[in-house]
1. Between A:Leu10 and A:Ser96, 0.36 nm times their residue separation minus their Cα-Cα distance comes to what?
2. Show me the ranking of peptides B:10-21, B:28-39 by mean Cβ neighbours inside 10 Å, starting with the highest.
3. Which whole-number value in Å² is the accessible area per residue of region B:112-235, probe 1.4 Å?
4. I'd like the distance between the alpha-carbon centres of region A:14-75 and region B:8-83, rounded to an integer number of Å.
5. Take peptide A:95-104, look around each residue's Cβ out to 10 angstrom, count Cβ atoms belonging to other protein chains, and average those counts.
6. Quick check on chain A: helices-only [θ] at 222 nm, where DSSP H runs of length 4 and up contribute -39,500 (n - 2.57) each and the sum goes over total residues. Nearest 500, please.
7. Hey, got the average number of other protein chain Cβ atoms within 10 angstrom for residues in A:74-86?
8. What's the FRET efficiency of A:Leu25 with B:Ser192 using the Cβ-Cβ distance as r and R₀ = 45 Å, to the nearest 0.05?
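The values are calculated or read from the model by the stated rules, or taken from the named source; none is laboratory data. Just so it is clear, the model here is predicted, and its values are computed rather than measured. Glycine also receives a Cβ, built like all others from the backbone with ideal geometry; neighbour counts cover every protein chain displayed. Each accessible area value is taken on the protein alone, full model and side chains, heavy atoms only, with ligands, DNA and RNA left out. Shrake-Rupley method; radii C 1.70, N 1.55, O 1.52, S 1.80 Å.
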Amino acid sequence: MTTERGVRGLIDVTIRIGELQQIDLETFKFALEQLSRQYSMHIKFELKEERAEFRCGVCGEVWSFERENLDPEIREAIHVIPEVAHAFMRCPRCGSPDFEVIKGRGVWIESIGEGIKC
Amino acid sequence: MLDPRISVIGERLGRISKIIAVSSGKGGVGKSLIAATTALILSKKGLQAGLLDLDFTNPSSNMILGVSNVYPIEEKGMIPPKIHGVEYLSITFFAGDEAIPLRGEDVTNVFIEMLALTKWSDLNYLIVDTPPGLGDVLLDLLKLIRRLMFLVVMTPSRLSLGTVRKLLALLWGVKAPVIGVIENMLTEASASLRDEVERLGARFLGSIPFDPEVERGLGNPKKLLETKFAKRLSSILDQALEIT
Ligand SMILES: Nc1ncnc2c1ncn2[C@@H]1O[C@H](COP(=O)(O)OP(=O)(O)OP(=O)(O)O)[C@@H](O)[C@H]1O
Ligand SMILES: [Mg+2]
Ligand SMILES: [Zn+2]
């Protein structure tokens with residue numbers, strides 16, 4: 001592994017993490033920084049959360065977590081296993097349990113450096 | 001896209017010696033009862049046993065074991081609670097008693113999440129209770145748990161036999177190891193389908209009679225283990241798994 005090619009200047013990297021992803025942000029950031037240091041890269045990581053959104057498969061309504069009055073315990077369960085939402089949430093418009101998570105899962109790089117969008 | 005969850009599954013299951021799925025294709029033949037009781041029996045024999053309930057839309061192992069108000073310990077993953085000596089994980093820990101209407105893709109996601117998050121210890125056996133059907137969960141199982149072995153359950157009905165034939169063909173087609181077939185709920189009115197099973201080329205492990213005592217043992221593992229059902233299952237397992 002060569003580190004010669006490591007980019008010298010400071011790079012800004014923005015990483016988006018779905019609200020429903022079970023990741024400890026601090027630990028993840030620490031791990032990323034350690035890794036970049038290993039390759040002599042100077043990267044400033046910014047971790048941003050993406051709020052969860054749901055879409056009804058029957059009537060098309062889109063809604064977010066905030067509109068739900070959920071117990072903290074249930075919220076926590078949904079964070080561990082997002083599909084559990086189907087046990088506790090219904091479409092606010094038509095009452096259907098047939099909805100999908102359209103935002104708030106996964107981890108991805110949103111941008112690198114200035115203006116380089118991914 | 002690389003799914004980081006899938007890459008940790010092998011590691012999570014790495015300390016388990018044998019993983020056995022209890023499958024049937026057909027519904028209501030006694031998979032859940034046999035899976036849960038098998039885990040209890042193995043644990044009672046002094047082996048380290050776990051039970052994973054993969055029936056997300058209609059879980060029942062929690063009722064068989066009489067489990068309520070337990071939750072896995074979170075520690076960079078989930079440590080399954082021990083129920084009567086059995087390490088146990090079910091979706092009911094998260095969804096409680098509510099129905100969870102899930103589409104196929106969601107089922108796969110829950111499956112992956114549970115496998116990726118659960119930290120089993122050095123188990124001799126992990127018993128997997130599966131939902132009926134030859135679709136999503138079976139395909140996911142074959143894809144995500146490489147070393148999986150199958151224990152097939154049927155009832156003494158030609159309808160059940162027909163499904164078992166399809167299930168076996170599917171499993172053999174992908175070279176999945178099949179331990180054998182258990183015939184469950186044999187009554188005086190029914191004749192054993194032993195010969196038919198053997199003609200399919202599968203190992204016939206034994207018949208378990210319909211035992212009215214079972215109903216009273218549901219939710220009470222101690223009582224359940226004392227039933228004729230459990231005793232017969234125990235001797236079938238001794239032979240099938242070569243437990244001495
Ligand atoms: N040998 C037996 N004697 C008496 N009752 C039995 C026996 N085996 C199973 N049962 C009962 O039959 C019913 C169905 O069993 P079980 O729920 O284990 O089937 P299953 O195959 O898991 O069903 P599903 O496909 O819906 O998951 C239960 O009420 C169970 O207690
Ligand atoms: Mg069942
Ligand atoms: Zn709707």
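1. 26.1 nm
2. Sorting B:10-21, B:28-39 by mean packing, highest first, produces B:28-39, B:10-21.
3. Normalised by residue count, the accessible surface of region B:112-235 is 48 Å².
4. 30 Å
5. The shielding value for this peptide is 2.
6. Per the formula, -6500 deg cm²/dmol.
7. Taking the mean over all residues of the peptide, I get 6.
8. Between A:Leu25 and B:Ser192 the formula returns 0.15.
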